[in-house]
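Report on one structure; see the data block that follows.
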Amino acid sequence: MFQRPGEIRQMLWADVDLMVREWRPYVSKTDFHHIVPLSNQAIDILEAVQPLTGGGQYVFPSSRGDGRRMSDNTIRTAHKSLGCDSDVMTAHGFRTTASTLLNEQGWSPDAIERQLAQTPFDQVRAAYNRW
């Protein structure tokens, strides 16, 4: 998974299907419903988190318990506690790393862009490719 950090923070239990192994969020930045296949590791994490947060709306709720999603600052603080200051790595930077590694391994650029939930930059391509 290499979704935007904000998309992960807003992850809704209603959009997760553990049996089908998919997360189907609406991505407001690109205005479409995205299909994210869930790896074994992602399923393990979600199954571990479900008893803790499964009764609520958000997979990763605010620690304040007020029904809100996890804050962006929580992600920054977690990275900092791991020794990853923003001048070294950001949460969004993992998307770049994933794209670079997959491109280097010869994966289809179209498949990579699709999993990044990017829209085509070429206006002609965007007009015909409705993903």
Number of the condition not met by residue 21 [criteria: (1) open to solvent by less than 100 Å² (accessible area, probe 1.4 Å); (2) over 17 Å from the mean Cα position of the chain (by Cα)]: (2)
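Residue by residue, here is whether (1) aromatic (Phe, Trp, Tyr); (2) closer than 16 Å to residue 113 by Cα; (3) modelled with pLDDT of 95 or more holds:
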site	(1), (2), (3)
26	yes, no, no
30	no, yes, no
38	no, no, no
43	no, no, yes
Residue satisfying all of: in segment 3-17; in a loop (DSSP other than H, G, I, E, B) and open to solvent by less than 40 Å² (accessible area, probe 1.4 Å); modelled with the highest pLDDT among these: 11
Scan of segment 38-66 for residues that are free of Cβ contacts under 8 Å to residues at least 24 places away in the same chain, in a loop (DSSP other than H, G, I, E, B) and under 15 Å from residue 14 (Cα atoms), ordered by number: 55
Where a residue in segment 1-21 is free of Cβ contacts under 8 Å to residues at least 12 places away in the same chain and its partner, wherever it lies, is surrounded by fewer than 16 Cβ atoms within 10 Å (Cβ to Cβ), with Cβ under 7 Å and at least six apart: 15/24
Unmet criterion (only one of (1) surrounded by fewer than 16 Cβ atoms within 10 Å (Cβ to Cβ); (2) at pLDDT 95 or above) for residue 77: (2)
Residue that is surrounded by fewer than 13 Cβ atoms within 10 Å (Cβ to Cβ), outside any loop (DSSP other than H, G, I, E, B) and modelled with pLDDT under 80, where the choices are 126, 111: 126
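Quick grid of which residues meet (1) modelled with pLDDT of 85 or more; (2) open to solvent by 50 Å² or more (accessible area, probe 1.4 Å); (3) under 19 Å from the mean Cα position of the chain (by Cα); (4) farther than 14 Å from residue 2 by Cβ:
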residue	(1), (2), (3), (4)
33	no, yes, yes, yes
49	yes, no, yes, yes
63	yes, yes, no, yes
68	yes, yes, yes, yes
73	no, yes, yes, yes
95	no, no, yes, no
104	yes, yes, no, yes
121	no, yes, no, yes
131	no, yes, yes, yes
Failed condition for residue 79, given (1) over 14 Å from the mean Cα position of the chain (by Cα); (2) free of Cβ contacts under 8 Å to residues at least 12 places away in the same chain; (3) within 19 Å of residue 1 (Cα to Cα); (4) part of a helix (DSSP H, G or I): (2)
Any chance residue 87 is over 17 Å from the mean Cα position of the chain (by Cα) and at pLDDT below 85: yes
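The values are calculated or read from the model by the stated rules, or taken from the named source; none is laboratory data. Remember, predicted model here, so these are calculated numbers, not experimental data. Don't worry about glycine lacking a Cβ; one is built from the backbone with ideal geometry, like all the others, and counts go over all protein chains shown. Ligands, DNA and RNA are stripped out before the accessible areas are found, and what is left, the full protein with its side chains, is counted by its heavy atoms. Shrake-Rupley method; radii C 1.70, N 1.55, O 1.52, S 1.80 Å.
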